[in-house]
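Heads up: the structure comes next, in structure tokens.
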Amino acid sequence: MDRAHNLNRMQIARSLVTKTDNWNAVELDFLLGREQDELTKAGQQSLRHVFENLTDELLIDEVYADPEIVQQLVTIISILPPCPSIFAVQQDLMIFIDLDHIALSDEHLLAAGKMMAEIGGSLETHHEGVRLSCPSSLLRMPMVFFGRHGQNYAVSAIQYLGEEAINKPVDSKVDALGEILHPARMINLLVGNQHYSIYAHEFLGVQNMNIHLNIPKLVERPYWLAGVALDGMNNVYPWVALDRFTK
């Protein structure tokens with residue numbers, strides 16, 4: 001059985017747990033969620049093995065990702081100027097890669113940033129190099145979620161920079177999702193290497209969610225909709241993936 005099938009089956013179990021009044025239902029749901037995280041790692045590839053020939057110095061411990069994520073990262077690093085050292089770590093379902101002592105042109109930034117956006121990631125530059133951050137899988141990943149006009153949305157937590165209250169009342173704002181009336185929160189994102197702000201009525205938190213990417217091509221959808229995310233109670237959130245697809 002493939003991972004997606006098993007993740008879905010465990011998702012059904014979590015939804016059943018939340019419907020019980022048992023005092024340990026919360027703890028059991030937490031354990032099932034952790035099992036889903038572990039299941040996501042099955043069949044993933046080691047970055048240390050794949051990155052061996054991309055640099056002179058490789059500082060990677062146990063970092064794993066889905067083959068399509070790994071291939072995208074290899075392609076990105078391959079199109080950039082030679083990098084003398086690569087450092088990578090994994091935190092839960094998130095990967096952070098530092099390319100040290102490398103300077104990128106605007107063309108490199110644009111190309112690499114776009115490719116990072118395609119995998120729900122971000123690209124940051126600093127005085128000593130570049131940091132690439134992305135989820136280890138697009139089947140299950142940390143998501144930030146928020147509500148506006150009765151609809152809840154989710155965005156890759158890797159791309160989340162922070163959120164803040166809008167202290168001065170405003171009638172409406174227009175962002176990538178369209179118009180929002182009387183927004184209360186502003187959510188700041190780094191998508192690839194591009195900064196965006198999305199407005200919301202409420203910020204709801206961060207949670208690892210199952211992702212379903214298979215939206216029928218015949219279904220008309222906004223350019224930012226990459227799929228849907230499901231939390232532990234099977235609540236559905238449209239995945240807002242800015243710059244993942246060509247507008």
Boolean, residue 130 is of a type in the set (A, V, I, L, M) and closer than 30 Å to residue 233 by Cα: no
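Quick grid of which residues meet (1) out of contact with any Leu (no Cβ under 8 Å at 6 or more places or on another chain); (2) assigned by TED's automatic domain parsing to the domain that holds residue 92; (3) over 27 Å from residue 38 (Cα atoms):
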residue: 188; (1), (2), (3): no, no, yes
residue: 192; (1), (2), (3): no, no, no
residue: 195; (1), (2), (3): no, no, yes
residue: 203; (1), (2), (3): yes, no, yes
residue: 206; (1), (2), (3): yes, no, no
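Is it true that residue 189 is within 17 Å of residue 134 (Cα to Cα) and part of a strand (DSSP E or B)? So that I can check it myself, show each step before the final result.
Working: within 17 Å of residue 134 (Cα to Cα): yes; part of a strand (DSSP E or B): yes.
When the stated conditions are applied, residue 189 passes them.
Yes or no: residue 140 buried (at least 16 other Cβ atoms within 10 Å of the Cβ) and either among the charged types (D, E, K, R) or in contact with a His (Cβ under 9 Å, 6 or more places away or on another chain) (or both)? Quick ask: steps written out before the conclusion?
Values: buried (at least 16 other Cβ atoms within 10 Å of the Cβ): yes; either among the charged types (D, E, K, R) or in contact with a His (Cβ under 9 Å, 6 or more places away or on another chain) (or both): yes.
Spelling it out, residue 140 is indeed buried (at least 16 other Cβ atoms within 10 Å of the Cβ) and either among the charged types (D, E, K, R) or in contact with a His (Cβ under 9 Å, 6 or more places away or on another chain) (or both).
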Pairs with Cβ under 7 Å, 6+ apart, first in segment 121-143 and of a type in the set (Asp, Glu), second surrounded by fewer than 23 Cβ atoms within 10 Å (Cβ to Cβ) and not in a strand (DSSP E or B): 128/101
Looking only at segment 194-241, and only at residues there that are assigned to a loop (DSSP other than H, G, I, E, B) and touching a helix residue (DSSP H, G or I) at 6+ places or on another chain (Cβ under 7 Å), the one that is surrounded by the most Cβ atoms within 10 Å (Cβ to Cβ): 232
Segment 150-184, subset free of Cβ contacts under 8 Å to residues at least 60 places away in the same chain, of a type in the set (A, V, I, L, M) and not in a strand (DSSP E or B), residue surrounded by the fewest Cβ atoms within 10 Å (Cβ to Cβ): 170
Residues that are assigned to a strand (DSSP E or B) and either under 25 Å from residue 68 (Cβ atoms) or at pLDDT 95 or above (or both), drawn from segment 99-124: 99, 122, 123, 124
Checking residue 58 against (1) in a helix (DSSP H, G or I); (2) surrounded by 14 or more Cβ atoms within 10 Å (Cβ to Cβ); (3) modelled with pLDDT under 90, the condition it does not meet: (1)
Within segment 65-84, tally of residues that are closer than 13 Å to residue 54 by Cα and touching a Ser or Thr at 6+ places or on another chain (Cβ under 6 Å): 1
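Given the criteria out of contact with any strand residue (DSSP E or B) (no Cβ under 9 Å at 6 or more places or on another chain) and touching a residue at least 60 places away in the same chain (Cβ under 8 Å), does residue 68 qualify?
Working: out of contact with any strand residue (DSSP E or B) (no Cβ under 9 Å at 6 or more places or on another chain): yes; touching a residue at least 60 places away in the same chain (Cβ under 8 Å): yes.
Considered against the rule, which asks whether it is out of contact with any strand residue (DSSP E or B) (no Cβ under 9 Å at 6 or more places or on another chain) and touching a residue at least 60 places away in the same chain (Cβ under 8 Å), residue 68 comes out as yes.
The values are calculated or read from the model by the stated rules, or taken from the named source; none is laboratory data. All values derive from a computational prediction rather than experimental measurement. Neighbour counts run over all protein chains shown; Cβ positions are idealised from the backbone, glycine included.
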